[in-house]
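Quick notes on the structure that follows.
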Amino acid sequence: MRVLFICTMNIDRSPTAEALVVGCQGHEARSAGTDPHARVPISGELIDWADVIAVMEDAHASAVRARFAAELAGRRLVVLQIPDIYQRGEPALVVILTERIDELLGLPKA
């Protein structure tokens, strides 16, 4: 499964999520941001690449739907409900993301 993780600036939450999927056999991940000045801005090409788009907040889902409605056809859009209060790699963020990613990918609980 190819998962695209999206937050606002692609600095903290989505890159942390992407890093957690690296090494999960049978899965690939990339990350992007909804802001035009994001480290990696969201694009139609990234949406086309993904099987699943996992956004951090409802606002990200709205932004993706508004800009990429046609590209979303046949793809799953999931809101992880992770607020913008964490730093990249922060242990609390890793715990939350690990739980949500395991659920998203159908991985067994540790």
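The values are calculated or read from the model by the stated rules, or taken from the named source; none is laboratory data. Worth saying up front: this structure is predicted, and the values here are computed from it rather than measured. Heads up, the Cβs are rebuilt from the backbone with ideal geometry, glycines too, and the neighbour counts pull from every protein chain shown. Just so you know, the surface numbers come from the protein's heavy atoms only, side chains and all, with ligands and any DNA or RNA stripped out. Shrake-Rupley method; radii C 1.70, N 1.55, O 1.52, S 1.80 Å.
The table below lists the values:
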{"quantity": "Calculated P(r) over Cα pairs in 10 Å bins from 0, in percent (choose from [x] 12, 22, 19, 26, 19, 2; [y] 14, 45, 28, 9, 3, 0; [z] 15, 53, 29, 3), label", "calculated": "[z]"}
{"quantity": "The chain - percent of accessible surface contributed by carbon and sulfur, probe 1.4 Å", "calculated": "53"}
{"quantity": "Accessible area in square angstrom per residue, the chain, 1.4 angstrom probe", "calculated": "53"}
{"quantity": "Linear extension gain, residue 22 paired with residue 92, 0.36 nm per residue minus alpha-carbon span", "calculated": "23.3 nm"}
{"quantity": "Extended-chain gain in nm, criterion 0.36 nm per residue less alpha-carbon gap, residue 48 and residue 76", "calculated": "8.9 nm"}
{"quantity": "Theoretical ellipticity at 222 nm over the chain - DSSP helices of four or more residues, -39500 (n - 2.57) apiece, nearest 500", "calculated": "-11000 deg cm²/dmol"}
{"quantity": "Residue 39-residue 62 FRET efficiency (beta carbon distance; Förster radius 25 Å; 0.05 resolution)", "calculated": "0.75"}
{"quantity": "Simple Cβ-charge dipole of the chain, Lys/Arg +1 and Asp/Glu -1, about Cα centre, in debye nearest 20", "calculated": "100"}
{"quantity": "Mean Kyte hydropathy of -1.0 or more with a Cα span along the axis of at least 18 Å, helices from DSSP in the chain", "calculated": "91-105"}
